[in-house]
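Down below is the structure, laid out as structure tokens.
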Amino acid sequence: MIEFEDVTKRYPDGTVAVDKLSLRIPSNQITVFVGPSGCGKTTSLRMINRTIERTSGTISIDGDDINGKDAVTLRRGIGYVIQNAGLFPHKTVVENVATVPKLIGWDKRKAHSTAMELLERVGLDVKLAERYPAQLSGGQQQRVGVARALAADPAIMLMDEPFSAVDPIVRHQLQEELLRLQRDIGKTIVFVTHDIDEAIKLGDNVAVLRVGGKLAQFAPPAELLANPADEFVRGFVGQDRGYRALTFVHPEALPVKPLPDELALQDGVPLGWRNGSEELLPVGSVFKRGDSLRAALDAVLTSPTGCGVCVDDNGKAVGVIDQATVAEALRS
Ligand SMILES: Nc1ncnc2c1ncn2[C@@H]1O[C@H](COP(=O)(O)OP(=O)(O)OP(=O)(O)O)[C@@H](O)[C@H]1O
Ligand SMILES: [Mg+2]
């Protein structure tokens, strides 16, 4: 656990970036700091690895005040990922990832093989290992940044808007990969973003900060959407919070109906809806058994027939759901 107790940061010019912040960041989970620009997210994050020194208060890791440790030793146990990855431009991809392991004295071969494994783990084609960062796309660079931060197997990972500079599709992929990776590695991750959707998607817990570095609310995402603490949080969480809260509703078993004849299939995979003409109408979004009510509702809303298609893990259609059934689930 990382604990902030009454932590204040006042910069030399008098700016109070963080004001008496107290919160507990549980181990082996993702905690997201979210809030408007300038609210002190980066400052709070960097005080954890002491690349910014706090003015007053205490930050402890598993009960030990971080000021009692040598800053360099502290930082080696903490991975750090930033926007645009911050890779060393004159080192190849694999050398970038192997940097810290070599620094802490691993032999070259072990550092290299670990780096190659990590590149694979973050979903990067290992053929790119000998390239230089400038020869990669933004999304690929971000993956290398994550691999590099994981290289010395730190217990803690600090991530400062790591996915902000890539397009929405790549961003979505990187988010999914991070969640998948976290299921394996179970690190204590502190993730900064100004995007509330990203916070809700990634966070086991979300700390909403307001300008002046004050904590507005600390809660799991479902709680944040259901019960915003005040007007500021309500405004920040957004207008359609009721709809987004459906992300966290997993109906036991939505009763799906048998596949209608109008649904055209190829090897069980839905192709489109027949409507009497040559061309098929698009299927709409699909959902899986066990998916959230939001996914089921979206399938119904995007289907031209009003029937949402339920698929199995192989993408094969297993049934459909109609608007009335979703409406019934919404009421219960
Ligand atoms: N070195 C500095 N000297 C003086 N003020 C600073 C310094 N660094 C940051 N600040 C100020 O501290 C406040 C918090 O900055 P910080 O970078 O922590 O915000 P942030 O929440 O990360 O913002 P963003 O979303 O834009 O990245 C801002 O008002 C900023 O101008
Ligand atoms: Mg910042």
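The values are calculated or read from the model by the stated rules, or taken from the named source; none is laboratory data. These numbers were taken from a predicted model, which means no experiment stands behind them. Positions of Cβ are backbone-derived with ideal geometry, glycine not excepted, and every protein chain shown enters the neighbour counts. Each accessible area value is taken on the protein alone, full model and side chains, heavy atoms only, with ligands, DNA and RNA left out. Shrake-Rupley method; radii C 1.70, N 1.55, O 1.52, S 1.80 Å.
Taking every DSSP bridge with both residues inside the chain, close to 55 percent are antiparallel.
Beyond a 19 Å Cα-Cα separation, which of these cross-linked pairs lie in this structure: 9/187; 127/187; 257/288? Table pairs above 19 Å Cα-Cα are 9/187; 127/187. The portion of the accessible surface of segment 263-331 made up by carbon and sulfur, rounded to a whole percent, is 48 (1.4 Å probe; DNA, RNA and ligands excluded).
Simple spin-label estimate for residue 110 and residue 292 gives 4.2 nm between the two label positions (7 Å along the Cα-to-Cβ direction from each Cα).
What translational diffusion coefficient, in µm²/s and rounded to a whole number, does the Stokes-Einstein relation yield for the chain at 25 °C and a viscosity of 0.890 mPa s, taking the hydrodynamic radius as the Kirkwood radius over Cα pairs? Display every interim value, and only then the final one.
Values: Rh = 22.2 Å.
Taking Rh from Cα pairs, D becomes 111 µm²/s.
Ranking request for peptides 151-162, 95-106: highest mean number of other beta-carbon atoms within 10 Å first, then the rest in descending order. Provide the component values of the computation, followed by the final result.
On the way: 151-162: 20.6, 95-106: 18.7.
Highest to lowest by the protection proxy: 151-162, 95-106.
Residue separation of residue 135 and residue 195 scaled by 0.36 nm, minus their Cα-Cα distance, works out to 18.8 nm of gained length. Full extension of the chain between residue 211 and residue 173 gives 10.7 nm of extra length, using 0.36 nm per residue less the Cα-Cα distance. Could you compute the FRET efficiency for residue 322 and residue 266, with r as their C-beta to C-beta distance and R0 at 30 Å, rounded to 0.05? Once rounded, the FRET efficiency stands at 0.80. The heavy atoms of residue 307 offer some 30 square angstrom of accessible surface to a 1.4 angstrom probe.
Please give the length that would be gained between residue 332 and residue 277 if that part of the chain were fully extended, namely 0.36 nm times their separation in residues minus their C-alpha to C-alpha distance (nm, one decimal). Mind showing how you got there, number by number?
Numbers: separation 55, 0.36 × 55 = 19.80 nm, distance 3.90 nm.
Length difference between fully extended and current span is 15.9 nm.
Taking the protein heavy atoms of segment 2-248 in the context of the full set of protein chains, the accessible area attributed to carbon and sulfur is 49 percent at 1.4 Å. Couplings for segment 33-41, taken from phi via the Karplus curve 6.51 cos²θ - 1.76 cosθ + 1.60 with θ = phi - 60°, read 9, 10, x, x, 4, x, 7, x, 5 Hz in order; Gly and Pro are left as x.
Would you mind checking the tilt of helix 108-121 against the longest principal axis of the Cα atoms of the chain, expressed as 0 to 90 degrees and rounded to 10? Around 30 degrees separate the two axes.
The modelled label-to-label distance for the pair residue 1/residue 234, using points 7 Å beyond Cα in the direction of Cβ, is 3.2 nm. Taking the C-alpha atoms only, the angle from helix 293-302 to the longest principal axis of the chain is near 50 degrees.
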